[in-house]
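Asks: Submitted below is the structure of interest, expressed as structure tokens.
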Amino acid sequence: MRPPDTTAAAVITGIGACLPPRVVDNDAVIARGALLTDDTWIRERTGIARRRHADAGTSTGDLAVGAGRAALSSSGDRHPQMLLLATSTPDHPCPATAPSVAHRLGLDGIPAFDIAAVCSGFLYALAMATALIRAGTCATVLVIAADTYTTIVNPRDRETAPIFGDGAAAVLVTAGHEDEPGAVSALDLGSDGSGSDLITIPNGGSRHPRHTAPADPDGHYFRMRGRAVYAHAVRRMTQSANSALQQAGWAPETVRAFIGHQANQRILDSVGDRLGIVPVHRFGNIEELGNTAAASIPLVLADPAVHAVVKPAERALLTAFGGGLTWASIALNWPSATPVSDQPSPSSPHLP
């Protein structure tokens with residue numbers, strides 16, 4: 001598995017996306033949960049008008065397979081040496097979902113494992129792939145981010161139900177040169193466990209096992225303390241993004257594509273303003289897809305409309321914030337790969 005050149009840069013050479021076909025607008029979300037709100041309130045508060053919901057029977061792994069297959073098709077390389085899956089909604093608590101995804105992609109035998117960093121997961125996984133390639137451990141790594149948050153969000157919770165959608169996206173990362181399109185230039189990662197209660201699912205783990213009588217009957221649903229999260233997200237994403245820019249030696253005004261985690265349009269605007277990146281160079285999909293958790297940044301990377309504007313090798317800055325608390329930023333040259341989209345792949349009846 002070790003390539004001959006251990007000084008190689010990590011380069012994105014393939015990009016894929018997979019979205020469930022069902023489009024759900026704000027009125028449908030309101031009706032489903034009998035929420036005391038309206039379309040205007042949701043749009044003004046979050047910037048979200050629509051999102052995708054996976055149908056019953058479509059899992060995170062199904063979306064991940066579609067995204068992985070699309071990224072491999074985009075790159076033309078069908079033989080990655082490792083698979084990393086960023087998700088906080090795995091198909092099962094045990095085992096990890098990544099080995100099943102690798103098997104369904106015809107990649108039996110390669111190392112495959114899940115990465116749980118919530119909405120920072122894709123950038124954590126991309127950072128790990130970068131380190132593995134720079135160290136000479138692998139020459140190619142398939143990085144997939146997939147989440148089905150509709151399986152963990154309480155439809156009656158006005159604070160979270162309108163925010164989240166389902167989706168997956170993936171990139172193939174290959175050993176290459178630091179000056180070529182898609183090359184990672186710098187990265188910054190961090191965490192703060194003192195805020196672990198701000199974004200959480202209280203029940204179902206070893207702290208509050210499923211078989212014990214829950215004091216809180218809704219404790220198996222996702223929860224978020226919105227105001228506190230907002231403040232942390234703006235501060236941490238700004239600091240992390242500035243760190244990545246400093247490491248790369250880039251001035252903010254030279255960035256031609258800024259993509260933040262698609263959590264809330266007001267957060268994205270605040271971070272962009274604080275970084276000094278003008279709106280014309282900020283890209284997102286929150287209005288149409290909502291917050292797709294770990295998949296949100298790579299789904300913007302996979303958007304053909306963004307590739308029509310940003311030219312290969314132009315400077316790009318990615319930044320995310322998620323539960324844990326976690327945050328991450330990556331500076332890279334914009335990839336030249338043409339994005340490919342795929343559809344969810346139903347699990348084989350022989351698979352769990």
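Asks: Looking for something more than 30 Å from ALA129 (Cα to Cα), free of Cβ contacts under 8 Å to residues at least 24 places away in the same chain and either of a type in the set (S, T, N, Q) or touching a Cys at 6+ places or on another chain (Cβ under 7 Å) (or both) - is there at least one such residue anywhere in the stretch 155-176?
Replies: No, every residue in the stretch 155-176 fails to be more than 30 Å from ALA129 (Cα to Cα), free of Cβ contacts under 8 Å to residues at least 24 places away in the same chain and either of a type in the set (S, T, N, Q) or touching a Cys at 6+ places or on another chain (Cβ under 7 Å) (or both).
Asks: Out of the stretch 247-289, which residues are of a type in the set (Gly, Ala, Ser) and in contact with a helix residue (DSSP H, G or I) (Cβ under 8 Å, 6 or more places away or on another chain)?
Replies: Residues satisfying the conditions are ALA251, ALA257, GLY260, ALA263, SER270, GLY272, GLY276, GLY284.
Asks: On to the next question. Just the residues that are assigned to a helix (DSSP H, G or I), among the small types (Gly, Ala, Ser) and over 11 Å from ALA146 (Cα atoms), please, taken from the stretch 85-119.
Replies: SER100, ALA102
Asks: Considering only residues that are assigned to a loop (DSSP other than H, G, I, E, B), surrounded by 14 or more Cβ atoms within 10 Å (Cβ to Cβ) and of a type in the set (A, V, I, L, M), which ones fall in the stretch 195-222?
Replies: LEU198, ILE201
Asks: Looking only at the stretch 281-292, which residues are closer than 17 Å to THR87 by Cα and either surrounded by fewer than 19 Cβ atoms within 10 Å (Cβ to Cβ) or small (Gly, Ala, Ser) (or both)?
Replies: The one that is closer than 17 Å to THR87 by Cα and either surrounded by fewer than 19 Cβ atoms within 10 Å (Cβ to Cβ) or small (Gly, Ala, Ser) (or both): GLY290.
Asks: Scan ALA56, ALA139, ALA67, ALA102 and give me the residue that is within 26 Å of ASN264 (Cβ to Cβ) and not β-branched (Val, Ile, Thr).
Replies: None of the other options fit; the residue is ALA67.
Asks: Looking at the stretch 293-342, which of its residues are farther than 24 Å from GLN247 by Cβ, β-branched (Val, Ile, Thr) and surrounded by 19 or more Cβ atoms within 10 Å (Cβ to Cβ)?
Replies: Of everything in the stretch 293-342, just one residue is farther than 24 Å from GLN247 by Cβ, β-branched (Val, Ile, Thr) and surrounded by 19 or more Cβ atoms within 10 Å (Cβ to Cβ), namely VAL340.
A short reminder: the numbers here are calculations on the coordinates, not readings from a lab. These figures come from a predicted structure and were not determined experimentally. Neighbour counts run over all protein chains shown; Cβ positions are idealised from the backbone, glycine included.
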